[in-house]
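Shown next, in C-alpha cells, is the structure this report addresses.
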Amino acid sequence: MTPEYDWALDYFGGRNPGADFKYSSNIIFSNGNIDPWSGGGIMTNITNSDNIALVIEDGAHHLDLRLPENESDPYSVKIARQTEYAYIKMWAEDF
C-alpha cells in the first residue's frame, strides 16, 4: 500500500483556499500562533466577508473554544472569543 500524503488536500481542497472556499460562508478559521497545527490553517482572509480568519497571538489548539473562560486565558484569546461570538450572533440574526 502506498501512502497518500495529499489525500486530504485532494479530497477536501486547500491547495488554493481562495478558490476552494469561494462559495462558502459563515466560517471562522481560528488559529493560535503557538499551535503547531496553524501551519496548515487559513491564516488570512481569503474570501468574502462572510468568512474570517483569526490568528490568535498566544493561542494554542482550540483554546478559544474552551469554556468556561479561565482567568489565566491570554487577552488575545478573550478577544478572539468576543469576535467569534459577535460574528456567530450576526450570522444567526441574519438567518
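Key figures
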{"read-out": "Of the criteria (1) over 11 Å from the mean Cα position of the chain (by Cα); (2) over 20 Å from residue 8 (Cβ atoms); (3) assigned to a loop (DSSP other than H, G, I, E, B), which one residue 44 fails", "value": "(1)"}
{"read-out": "Test result for residue 80, over 14 Å from the mean Cα position of the chain (by Cα) and assigned to a helix (DSSP H, G or I)", "value": "no"}
{"read-out": "Residue, farthest from residue 91 (Cα to Cα), within the range 1-33, restricted to residues that are exposed (fewer than 13 other Cβ atoms within 10 Å of the Cβ) and aromatic (Phe, Trp, Tyr)", "value": "5"}
{"read-out": "Qualifying positions in the range 34-57 - over 23 Å from residue 22 (Cβ atoms) and either surrounded by 14 or more Cβ atoms within 10 Å (Cβ to Cβ) or among the β-branched types (Val, Ile, Thr) (or both)", "value": "34, 35, 56"}
{"read-out": "Criterion: touching a residue at least 24 places away in the same chain (Cβ under 8 Å) and in a loop (DSSP other than H, G, I, E, B) - qualifying residue of 30, 24, 49", "value": "24"}
{"read-out": "Members of the range 60-77 that are modelled with pLDDT of 90 or more and either surrounded by 14 or more Cβ atoms within 10 Å (Cβ to Cβ) or of a type in the set (Val, Ile, Thr) (or both)", "value": "63, 64, 73, 74, 76, 77"}
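The values are calculated or read from the model by the stated rules, or taken from the named source; none is laboratory data. Owing to the predicted nature of the structure, the values given are computational and were not obtained by experimental measurement. Reconstructed Cβ throughout: ideal geometry from the backbone, glycine too, with neighbour counts over all protein chains shown.
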